[in-house]
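Chemist: A single structure is presented below for examination.
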Amino acid sequence: MLNLIRMHLYRMARSISLWIVMVIMVASCAFSSCMQIVSLDITGPLWPDYEESESGFGLFFSPPAGKYGEAASFLEFYSSDLSSGILLVFLSIACAIFYGEEIKSGFLKNITGQTRDKTDIFWSKVIFTILLTLFMMLLYGIAKFIGLKLLFPKEYTLRFASECWPAIPFILVGNFILHLAFAGGIVLLTMLSRSTTVGSIVGIFTALGLPGGVLGMMEESYNVELVKYLITTNVHNMRIATIYNEWIGYSEKDIYFALGAGFFFFILYEVLGAVYFTKKDVD
């Protein structure tokens, strides 16, 4: 198992396509930081408006705002970016590229012939997906912090966290579980379709909110609630919007619901993937 994980990490280190995705992700992070600093410099840290925006197609950033007279903390900026779905876009591309390449290159066929139990190969892929998701979240966070540190106006102090610290661990863990579940879905789709293109395009359109828009119309027509169960919907809700330790815009119940949805879809995708991978002949 450890050798299989090392092989995946080695392939990641040697994958030029994967590192190009990482570079573009960091560049996007720098651009979002610039836009947020420009907005902060123009408007100042005003009292925020947390009215829910209408669902639509695209990436929607909700610039965080601190109390009167001070700017939001780094973790509030970071959480705001994650809730936009921007990391889901790059995560879907990275997973589709990585797992699509192993099918096309014959890597999967070679290691299957050298491994007694195909289950070990599958679970090594799951562990690597966990590491990849964690790595991309950390890389984006580091890039965000450096960007804000370099660009932050001198009249404001960049704090790491704020009064909302008790809620931050739940929100960060929730974001990790939801992003991991999303990655699991992209990996499963890439395995089923055997296509990097299908995995990445479906992942991008999903991250941009296409399923939410379709289900939203179904809700209006058939009076059913479906959108709230989507991974992307819960990612959008997992943001820090606290002032004076008051949770505004969502409640603890919503965070627990998001955690439950993330765990459910993660387990579902991995069980389906395990059944498919162990039963199908590798060619």
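Chemist: For Tyr222 and Thr197, what does the FRET efficiency come to when R0 = 30 Å and r is the distance between their Cβ atoms, rounded to the nearest 0.05?
Modeler: Efficiency, rounded to the nearest 0.05: 0.40.
Chemist: Further, regarding this structure: Once you've got the Cα coordinates, tell me which of Lys154/Lys253; Lys104/Lys279; Lys149/Lys228; Lys125/Lys149 are over 27 Å apart.
Modeler: Distance filter (> 27 Å) returns Lys154/Lys253; Lys149/Lys228; Lys125/Lys149.
Chemist: If you roll a 1.4 Å probe over the stretch 146-226 with all protein chains in place, what percent of the accessible area is carbon or sulfur?
Modeler: 69 percent
Chemist: If I stretch the segment between Ala161 and Tyr256 completely, what's the gain in nm (0.36 nm per residue apart, minus their alpha carbon distance), one decimal?
Modeler: 32.0 nm
Chemist: For the stretch 141-156, in order, what is each residue's ³J(HN,Hα) by Karplus, 6.51 cos²θ - 1.76 cosθ + 1.60 with θ = phi - 60°, in whole Hz (x at glycine and Pro)?
Modeler: Computed from phi, the couplings for the stretch 141-156 are x, 5, 4, 5, 5, 4, x, 5, 4, 6, 9, 4, x, 5, 6, 10 Hz.
Chemist: Assuming 0.36 nm per residue, please report the length gained on full extension of the stretch Tyr229 to Phe264 beyond their Cα-Cα distance.
Modeler: Here the answer is 11.6 nm.
Chemist: Which ³J(HN,Hα) values, rounded to whole Hz and listed in residue order, are derived for the stretch 96-102 from phi using the Karplus coefficients 6.51, -1.76 and 1.60 in 6.51 cos²θ - 1.76 cosθ + 1.60 with θ = phi - 60°, glycine and proline given as x?
Modeler: 4, 5, 5, 7, x, 5, 5
Chemist: Quick one: 3J(HN,Hα) in Hz for the stretch 181-192, Karplus 6.51/-1.76/1.60 with θ = phi - 60°, rounded, Gly and Pro as x.
Modeler: 5, 4, 4, x, x, 5, 4, 4, 5, 5, 5, 5
Chemist: Pull up all non-local amide H partners of Ser195: gap of 5 or more, or a different chain, and H-to-H distance under 5 Å with H placed in the peptide plane.
Modeler: Distant-sequence amide H within range of Ser195: zero hits.
The values are calculated or read from the model by the stated rules, or taken from the named source; none is laboratory data. Everything quoted here is computed from the prediction, not taken from an experiment. Neighbour counts are summed over all protein chains in view; Cβ atoms, including those assigned to glycine, are modelled from backbone coordinates with ideal geometry. Keep in mind that these areas ignore ligands, DNA and RNA; they rest on the heavy atoms of the full protein, side chains included. Shrake-Rupley method; radii C 1.70, N 1.55, O 1.52, S 1.80 Å.
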